[in-house]
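Here the structure is laid out as C-alpha cells; the discussion comes afterwards.
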Amino acid sequence: MIEVSVIIPIRNEAENIDALAKELTSVFMRTPWTWECLWVDDGSTDASLSILQEICRNDSRHRYLSFQRNAGQSAALWAGFREARGEIFATIDGDGQNDPADLPILIQMVASGETDMANGYRAKRQDTLMRRLSSRIANGFRNLMTGKTVRDVGCSTRAFQRDCVEYLPRFAGMHRFLPTLVAMQGGRLAEAPVNHRPRLHGQSKYGLRNRLWVGLADTFGVLWLRKRAFSYEVAYRSETD
C-alpha cells in the first residue's frame with residue numbers, strides 16, 4: 001500500500017530533474033510513510049524524458065508519465081491525480097524552487113486529520129519583481145472574486161487527501177485554483193510557511209501574458225462555478241442487503 005504520492009509536473013527541466021529526484025528521495029527515506037514520486041512530463045523537447053527513464057529504472061519508487069505533446073500544467077496534474085496510488089497526494093514544481101523538505105510537515109498536517117488540504121505559502125519569494133507583482137495581483141483578484149481561501153494560491157507546495165481532487169472540474173487553469181475548488185467541495189484548508197529557492201537552471205515557462213492575464217480570465221469561470229455550486233446531506237435512505 002502506498003501512503004503518499006508526490007506528483008511533479010515538468011516541462012523542459014532536464015537540468016533540474018536529477019538533483020530534485022535525489023533530494024526528494026533523501027527527504028522521504030527519513031519519513032515513516034510508504035511513498036512514490038510520479039513525474040508527469042508535459043511534452044518536453046529537451047532530455048527530460050531520458051533522464052526520467054534512467055531515474056525510474058534505478059528506483060522503482062519513482063514513476064513517470066510522458067505526454068505526446070504539451071498539454072499544460074493543469075493536464076499534467078490531472079493525469080498525475082488519476083495515476084497516483086497514494087492515499088495522500090503532495091505536489092511541488094519541477095524547477096527546483098520548491099523545497100522537498102517542506103512536504104513532510106504538510107503531509108503530517110493532513111495525515112493527522114487536522115485538515116484536508118495543507119497549503120504552503122512562500123514567505124520569502126526568490127523571483128523577479130515582475131513575477132512577484134503579477135502573482136500578488138492575481139492572488140488578490142482571485143480571493144476578491146471567489147472568496148478568500150489561502151494567502152498564496154500560486155504556491156505549488158501542497159498536500160491533500162486524494163478525495164479532495166477526485167471530482168474536480170477539468171479545465172485548463174485548474175491548477176491555479178486548487179484551494180478554492182477544494183473549499184467549494186467543503187474541504188478544510190490549512191497553511192504553513194515554506195521555503196522558496198532561486199531557480200538555478202533553465203527558464204520559467206510562465207510570464208506576464210500566460211500567468212497574469214490568463215489567470216484573471218479563468219477567475220470569472222471559477223466565480224461562475226462557485227455561484228452555481230450546490231451541496232446536500234442525505235437524511236435517510238432505504239436499507240439494502
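The values are calculated or read from the model by the stated rules, or taken from the named source; none is laboratory data. Remember, it's a predicted structure, so these values are computed and weren't measured experimentally. Quick reminder, even Gly has a Cβ in these numbers, built from the backbone with ideal geometry, and neighbours come from all protein chains shown. These accessible areas exclude ligands, DNA and RNA; they are computed on the full protein's heavy atoms, side chains included. Shrake-Rupley method; radii C 1.70, N 1.55, O 1.52, S 1.80 Å.
Considering the range 29-52 alone, what residues qualify as being part of a helix (DSSP H, G or I) and either surrounded by 21 or more Cβ atoms within 10 Å (Cβ to Cβ) or free of Cβ contacts under 8 Å to residues at least 12 places away in the same chain (or both)?
Filtering the range 29-52 for residues part of a helix (DSSP H, G or I) gives 48-52.
Of everything in the range 29-52, those that are part of a helix (DSSP H, G or I) and either surrounded by 21 or more Cβ atoms within 10 Å (Cβ to Cβ) or free of Cβ contacts under 8 Å to residues at least 12 places away in the same chain (or both) turn out to be Ser48, Ser50, Ile51, Leu52.
Give just the number: which of (1) more than 15 Å from the chain's Cα centre (by Cα); (2) assigned to a helix (DSSP H, G or I); (3) at pLDDT 80 or above does Pro193 not satisfy?
The failed condition is (2).
Every residue in the range 1-28 that is over 13 Å from Asp93 (Cβ atoms), in contact with a Phe, Trp or Tyr (Cβ under 7 Å, 6 or more places away or on another chain) and open to solvent by less than 20 Å² (accessible area, probe 1.4 Å), please.
Val4, Ser5, Phe28
What's the number of the condition Ser66 fails, among (1) over 14 Å from the mean Cα position of the chain (by Cα); (2) open to solvent by less than 20 Å² (accessible area, probe 1.4 Å)?
It fails just one condition, (2).
Considering only residues that are modelled with pLDDT under 95, open to solvent by 10 Å² or more (accessible area, probe 1.4 Å) and in a helix (DSSP H, G or I), which ones fall in the range 101-134?
Matches in the range 101-134: Leu129, Met130, Arg131, Arg132, Leu133.
Can you tell me which residue among Ser204, Ser231 is modelled with pLDDT under 80, open to solvent by 30 Å² or more (accessible area, probe 1.4 Å), touching an Asp or Glu at 6+ places or on another chain (Cβ under 8 Å) and not in a helix (DSSP H, G or I)? Explain how you work it out, then say what you get.
On the way: Ser231 fails: touching an Asp or Glu at 6+ places or on another chain (Cβ under 8 Å).
Checking each option against the conditions leaves just Ser204.
Is it fair to say Ala90 is of a type in the set (Gly, Ala, Ser) and in a strand (DSSP E or B)?
The answer is yes for Ala90.
Looking only at the range 159-170, count every residue that is open to solvent by less than 60 Å² (accessible area, probe 1.4 Å) and either among the basic types (Lys, Arg) or modelled with pLDDT under 90 (or both) and tell me the total.
Here the count works out to 3.
Residue check, Gly80 against (1) under 28 Å from Val182 (Cβ atoms); (2) open to solvent by less than 20 Å² (accessible area, probe 1.4 Å); (3) free of Cβ contacts under 8 Å to residues at least 60 places away in the same chain; (4) not charged (D, E, K, R), all met but one. Which one?
That leaves (3) as the condition not met.
Kindly indicate the residue of the range 174-190 that is within 18 Å of Gln108 (Cα to Cα) and assigned to a loop (DSSP other than H, G, I, E, B) and also most open to solvent (accessible area, probe 1.4 Å) among those meeting that condition.
Arg188
Please work out which residue is farthest from Glu23 (Cα to Cα), limiting yourself to the range 69-86 and to residues that are charged (D, E, K, R) and over 15 Å from the mean Cα position of the chain (by Cα). Can you show your working first?
Here is the first cut: in the range 69-86, the ones charged (D, E, K, R) are 69, 82-83, 85.
Then drop every residue that is not over 15 Å from the mean Cα position of the chain (by Cα), which leaves 69, 85.
Values: Arg69: 28, Arg85: 21 Å.
Of everything passing the filter in the range 69-86, Arg69 is farthest from Glu23 (Cα to Cα).
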